[in-house]
Amino acid sequence: MKALDGTRLYFNRAADHLELSEDMRRLLLTAKREVQVQVPVEMDNGQLQTFIGYRVQHNDARGPMKGGLRYHPEVDLDEIRALASLMTWKTAVVNLPYGGAKGGIALDPTKLSQRELQRVTRKFVDELHDVFGPNNDIPAPDMGTDSQVMAWIMNQYQRYHGFNPACVTGKPVEMYGAPGREEATGRGVGILLVKLLGRMGRKPQQTRVVIQGFGNVGSHTAWFLNQAECKVVAVSDRDGGFFNPGGLDVPAMVRYAHANHGSIRGYKEAEPISNEAMLELPCDVLIPAALGGVITSKNVKKINAPIIIEGANNPTWPDADDILYADGRTVLPDILANAGGVTVSYFEWAQNRQYYQWTLDRVRQELDRVLTQSFDAVWEMAQQRQVSLRTAAYILGIGRVSRATVLGGIT
Ligand code: GLU
């Protein structure tokens, strides 16, 4: 299945509940603008390499378009389109004054030097600066990009349009970034899981958690849940994972990864385990926090966890999602579960426009408030309509976007 087919299916399910017309569906399923650009760069060895970059601006009915920029070898237009539409529903679910967009460049950032990455990023901005902008489309980090890449984007954008830190979010804190933006997605995943456990009458202390992915999202999720007294029993990254049924020493693993170029490969204090076996471990909560499309009809039957929290974007294919729902499992969907990142991006953007920096405490407090409100709204919707949390989140998000479209007027 292709990523876009999956998100369309989820969309149509919610659109049925909202009784949206065919015309409105077509409008909301189509991107406002899609750009593909050539990014030719001279590599450190003097050779010329040409990369392909994309930016899909899906919808701006509720505000400027917002979404990350992904550097990954498998980036293609279909995936970016799907992810751009998820951003539209995500910003609407958490009620931020934004639309949705997503971009990416098909490359493996681990194979490029920092100088090469900088050149690629600046070239990409050269091509796209006219469609970006604080009132149009604001990029942010996603898989394979970080605050350094955002700093280059800000700097390159300013060469064309003058000083304007609100043109991109997820920047380094020393360069107009917001304290707490880096941890925000993982922290948000953790906050939402604790809320969900509360609603389900479960205790964090009796909750065993497995996290697939130990990058920015996975590691901060593990950190937060460890502090919340959940038992993190397994974590993995692209090279495989580690398991300890008694609970991993999360701070030690985070320190290990920091000292080891971000990777947990070679960690000695827990039992190694493959990424496939991770999904099948006995546990209470499974958090896919890396790639999309990891829970499929092929492996879903082997998953033991009664609760799944989608830290990654689009990790569950619809056929697997149906099986999980029929089985009585609870899935907290990506468009709510990982919305902490874009929420703090919004705080950063708002601060940049006022040239005023909040404290970390304030960022954390406001994040908690936004996510709690959104979680409660999605939970109520699911109860009211007797649907899954995913369909409830889509109903909430799509409902807001379609109302804004009608209110704005279609001529
Ligand atoms: N890339 C993140 C996401 O998928 C963050 C987007 C943003 O901060 O704009 O939600």
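The values are calculated or read from the model by the stated rules, or taken from the named source; none is laboratory data. Keep in mind it's a predicted model, so treat the numbers as computed, not measured. FYI the Cβ positions are ideal-geometry reconstructions off the backbone, even for glycines, and counts take in every protein chain you see. Note: accessible area is taken over every heavy atom of the protein model, side chains too, but ligands, DNA and RNA are not part of it. Shrake-Rupley method; radii C 1.70, N 1.55, O 1.52, S 1.80 Å.
Numbers for the structure displayed
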item: When residues of the stretch 198-223 are limited to those that are free of Cβ contacts under 8 Å to residues at least 60 places away in the same chain and assigned to a helix (DSSP H, G or I), the one surrounded by the most Cβ atoms within 10 Å (Cβ to Cβ); result: ALA222
item: Counted residues, the stretch 64-80 - those being part of a helix (DSSP H, G or I), open to solvent by 10 Å² or more (accessible area, probe 1.4 Å) and under 21 Å from ASP130 (Cβ atoms); result: 1
item: All positions within the stretch 315-331 that are open to solvent by less than 10 Å² (accessible area, probe 1.4 Å) and either free of Cβ contacts under 8 Å to residues at least 12 places away in the same chain or more than 18 Å from GLU280 (Cβ to Cβ) (or both); result: PRO318
item: Selection count, the stretch 22-52, where residues are under 14 Å from GLY399 (Cβ atoms) and without any contact (Cβ under 8 Å) to a residue 24 or more places away in the chain; result: 1
item: Sole exception among (1) away from the ligand (no atom under 15 Å from the Cβ); (2) open to solvent by 60 Å² or more (accessible area, probe 1.4 Å); (3) in contact with a strand residue (DSSP E or B) (Cβ under 9 Å, 6 or more places away or on another chain); (4) under 22 Å from SER85 (Cα atoms) for VAL131, by number; result: (2)
item: In the stretch 340-365, residue nearest to the ligand (Cβ to nearest atom) [restricted to those that are of a type in the set (Phe, Trp, Tyr) and open to solvent by 60 Å² or more (accessible area, probe 1.4 Å)]; result: TYR346
item: Selection from the stretch 80-97 of residues that are of a type outside the set (A, V, I, L, M, F, W, C), within 12 Å of the ligand (Cβ to nearest atom) and more than 14 Å from LYS32 (Cα to Cα); result: LYS90, THR91
item: Where a residue in the stretch 127-150 is under 18 Å from ALA312 (Cα atoms) and its partner, wherever it lies, is more than 14 Å from the ligand (Cβ to nearest atom) and at pLDDT 95 or above, with Cβ under 7 Å and at least six apart; result: GLY144/PRO109
item: Per-region count, the stretch 134-169, residues open to solvent by less than 10 Å² (accessible area, probe 1.4 Å) and in a strand (DSSP E or B); result: 4
item: Among residues of the stretch 231-260, those that are open to solvent by less than 10 Å² (accessible area, probe 1.4 Å) and touching a Gly at 6+ places or on another chain (Cβ under 8 Å), counted; result: 5
item: Sole exception among (1) buried (at least 24 other Cβ atoms within 10 Å of the Cβ); (2) out of contact with any strand residue (DSSP E or B) (no Cβ under 7 Å at 6 or more places or on another chain) for GLU182, by number; result: (1)
item: Given (1) part of a loop (DSSP other than H, G, I, E, B); (2) open to solvent by 10 Å² or more (accessible area, probe 1.4 Å), index of the condition LEU107 fails; result: (2)
item: Wholly within the stretch 255-362, helices (runs of 4 or more DSSP H) carrying at least 1 residues that are at pLDDT 95 or above and of a type in the set (Asp, Glu); result: 318-326, 334-337, 340-354
item: Unique residue being open to solvent by 10 Å² or more (accessible area, probe 1.4 Å), out of contact with any Cys (no Cβ under 6 Å at 6 or more places or on another chain) and either outside any helix (DSSP H, G or I) or within 12 Å of the ligand (Cβ to nearest atom) (or both) when the list is ALA101, ALA61; result: ALA61
item: Checking GLU310 against (1) charged (D, E, K, R); (2) more than 16 Å from the ligand (Cβ to nearest atom); (3) touching a strand residue (DSSP E or B) at 6+ places or on another chain (Cβ under 8 Å), the condition it does not meet; result: (2)
item: Count of the stretch 1-33 residues which are in contact with a helix residue (DSSP H, G or I) (Cβ under 7 Å, 6 or more places away or on another chain), modelled with pLDDT of 95 or more and charged (D, E, K, R); result: 2
